[in-house]
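Taking it in order: structure first as structure tokens, then the write-up.
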């Protein structure tokens, strides 16, 4: 199992409703996610991001408009440092301490993940 499918499976097992976007991977087989059905890649736009509780960057490649992702995500977890120096309220980088203005966000993330 590749690491992205493994990450998605863990999130799904914790109760997350999963949707994904990757122009290089049009579908994920149900067997990869231990799920009842396959997932199809969504076209990533502002509406998809606004409707999501949390966006997670699990791979870094040039097909994504990171400015769009940052601008329209209420909560964004960057697991690959794809954002580089981009910063905004609601952006969380794995392994990086949260800035002081995001203390409440940190508590909210911990509550959601638990």
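Some notes on this structure:
- Test for residue 48: is it at pLDDT 95 or above, surrounded by fewer than 17 Cβ atoms within 10 Å (Cβ to Cβ) and outside the structural domain of residue 91 (by TED's automatic domain parsing): yes
- So residue 55, is it modelled with pLDDT of 90 or more and within 14 Å of the chain's Cα centre (by Cα): yes
- On the stretch given as segment 24-33, residues that are exposed (fewer than 12 other Cβ atoms within 10 Å of the Cβ) and touching a residue at least 12 places away in the same chain (Cβ under 8 Å) total 2.
The values are calculated or read from the model by the stated rules, or taken from the named source; none is laboratory data. Since we're looking at a predicted model, the values are computed, not measured. All Cβ positions, even for glycine, are placed from backbone atoms using ideal geometry, and neighbour counts span all protein chains on display.
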